[in-house]
Amino acid sequence: MARSAAFFDLDKTVIATSSTLAFGKPFYQGGLINRRAVLKSSYAQFVYLLSGADADQMERMRAYLTNLCAGWPVAQVEEIVRETLHDLIDPLVYTEAVGLIEDHRAAGRDVIIVSSSGEEVVAPIGAMVGADGVVATRMRVVDGKYTGEIEFYAYGPNKAEAMRQLAAERGYDLARSYAYSDSATDLPMLEAVGRPTVVNPDKGLRRIADERGWPVLTFRKPVSLRSRMVALPRVPSKPVLAALALAAAAALAAAAARRRNTPLF
């Protein structure tokens, strides 16, 4: 019998923040971005935490940030993420999400993090929460530096397609599988499985969930993983993130509901 899996969006579903915007200060301290970029990322983070962002704002952010990351040394980004990951992200993981991940693993299901953030951020976070794999955005790298071009953008329908490919490779039965997300932009991801659940949904996704009778969960309690998680095998990290560059675009994928006419950049 084919196995089932559980697919989790990352930002505001597993962690109570934008996974990449959280690294703005360390990137600034490492000389990758200037003070103006830090202020922009801080403002974007504030807007995202309030209400998310719509597809137009996300696309504007994606273009800005992919250009920003061009020329960044991959090794330096990986080092910054590795050195600051636990201090920045560990305290922001929802205890409810950790419990769900533990339940799915106990039931024999693989847990996959599916995020528009880049893999240098997503893979370490996935390892930290005990995921069995990740689907994330990949940036083009030449001579150890980001070119500012995207090889794979894990957003919208691309998330669902990547899930189908992974299911074919690993033998998952998507009809028996689970998916969790907070954003209406992840509707294709939720529709790709037989058991979708919305978590901390934006207005658009809450309306869809009500119409379709999907379960709605509210996660409120960030917890330090060091206090409860056992050591688990790490997901291999790959040189594929323009860390600030990609996840912010995804991180902002839900917010024009109340700020539709407010240009972020």
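A compact table of results
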quantity: Residue identified as assigned to a helix (DSSP H, G or I) and either out of contact with any Gly (no Cβ under 8 Å at 6 or more places or on another chain) or at pLDDT 95 or above (or both) among R234, R164; calculated: R164
quantity: Qualifying residue in region 110-133 (condition: buried (at least 18 other Cβ atoms within 10 Å of the Cβ), part of a helix (DSSP H, G or I) and in contact with a Lys or Arg (Cβ under 6 Å, 6 or more places away or on another chain)); calculated: yes
quantity: Residue count for region 165-179, restricted to those that are crowded, with 23+ Cβ neighbours inside 10 Å and at positive phi; calculated: 0
quantity: Subset tally (residues that are touching a Pro at 6+ places or on another chain (Cβ under 6 Å), within 21 Å of T17 (Cβ to Cβ) and buried (at least 22 other Cβ atoms within 10 Å of the Cβ)) for region 180-203; calculated: 1
quantity: Flag for A53 being surrounded by fewer than 17 Cβ atoms within 10 Å (Cβ to Cβ), hydrophobic (A, V, I, L, M, F, W, C) and either modelled with pLDDT of 85 or more or not in a helix (DSSP H, G or I) (or both); calculated: no
quantity: Count - residues of region 80-109 that are outside any helix (DSSP H, G or I), hydrophobic (A, V, I, L, M, F, W, C) and buried (at least 19 other Cβ atoms within 10 Å of the Cβ); calculated: 2
quantity: Count of residues meeting criterion [over 17 Å from S181 (Cα atoms) and either under 17 Å from the mean Cα position of the chain (by Cα) or hydrophobic (A, V, I, L, M, F, W, C) (or both)] in region 95-111; calculated: 2
quantity: Breaking point among (1) in a strand (DSSP E or B); (2) hydrophobic (A, V, I, L, M, F, W, C); (3) touching a helix residue (DSSP H, G or I) at 6+ places or on another chain (Cβ under 6 Å), for I150; calculated: (3)
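The values are calculated or read from the model by the stated rules, or taken from the named source; none is laboratory data. What you see is a predicted model, and the numbers here were worked out from it, not measured in a lab. Note: ideal-geometry Cβ built from the backbone for every residue, glycine included; neighbour counts use all protein chains shown.
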